[in-house]
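First up is the structure itself, then whatever we jot down about it.
The values are calculated or read from the model by the stated rules, or taken from the named source; none is laboratory data. Just so you know, these numbers come straight off a predicted model, no measurement behind them. For neighbour counting, all protein chains shown are included, and Cβ atoms are generated from backbone atoms with ideal geometry for every residue, glycine included.
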Amino acid sequence: MSRVKKLKVHREGTGLLLTMFAILLIVNYPLYFLGVNKWLFYSALTVSLFLFLLLLNFFRSPPRRFPSDPEGLVIAPADGTIVAIEEVMENEFFHEKRLQISIFMSIFNVHANWFPVNGTVKHVSHRRGRYKSAYLPKSSAENERSSIIIRMDNGVEVLTRQIAGALAQRIITYAKENEVCDVDEQMGFIKLGSRVDTFLPIDTEILVEMKQKVTGNQTPIAHFKTSTHSFQVHNTPQANNETFSQ
């Protein structure tokens, strides 16, 4: 018989869940003991349970490890739907053309974010911005965001960006400069729906397609070609904007 995995709640949600439980208890407890209309009580209880379970689902934290060797692969940094696969001019850090893969997270997805590749974190910064819908292409450049640059052992540099959305106005980043990172480690968390963009060398092979559902730390989204082993290392810029601190 297979063992049932225990539900884990992400550390970012424990305080909010306890607060929500206390509020719902305060609302429903008097309705039960004051002998109000049963229909009113059961309606309030149903709504309360729905809201609490929705929040619990949002902050779930399933235990995950990438099932094989991630060498040469880029692994999805988040759960969600592929909403962009395009060649763009990345002007904030690399000042060159890059392949951008964007993953949109709905409120029903796991909202933990994982490192897409193994390597060393060379840059972490946070920039304030707008709160447009994360599904829109302009959100990548205009919304509030945290940027993480990872330098792999072969010199390839990967930029991944946590982007706030219309509802998600809290980006949490665990990544720290000069620390070694691994695809099985979480790089951060975004509260409510949002997106994560990953910028790769232009000759990277894409392994996903538009509107495909992907799973963070599980789905390979790209593969580095042999030529990237001679990729020229950039002078990673120092953060000249607000650096994120948890």
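Brief remarks follow.
Residue by residue, here is whether (1) under 16 Å from Leu207 (Cα atoms); (2) hydroxyl-bearing (Ser, Thr, Tyr) holds:
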position	(1), (2)
Ala78	yes, no
Ala84	yes, no
Glu87	yes, no
Lys97	no, no
Val110	no, no
Thr120	no, yes
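- Wholly within region 56-119, strands (runs of 3 or more DSSP E) carrying at least 2 residues that are out of contact with any Gly (no Cβ under 9 Å at 6 or more places or on another chain) and in contact (Cβ under 8 Å) with a residue 12 or more places away in the chain: 73-75, 80-90, 96-105
- When Ser68, Ser140 are screened for being modelled with pLDDT of 80 or more and of a type in the set (Gly, Ala, Ser), only Ser68 passes.
- Top-ranked residue of region 159-206 - restricted to ones that are among the aliphatic types (A, V, I, L, M) and part of a loop (DSSP other than H, G, I, E, B), ranked as modelled with the lowest pLDDT: Ala168
- Residue tally, condition of a type in the set (D, E, K, R), surrounded by 12 or more Cβ atoms within 10 Å (Cβ to Cβ) and either more than 30 Å from Asp153 (Cβ to Cβ) or more than 16 Å from the chain's Cα centre (by Cα) (or both), over region 42-93: 3
- Counting residues in region 147-155 that are crowded, with 21+ Cβ neighbours inside 10 Å and at pLDDT below 85 gives zero.
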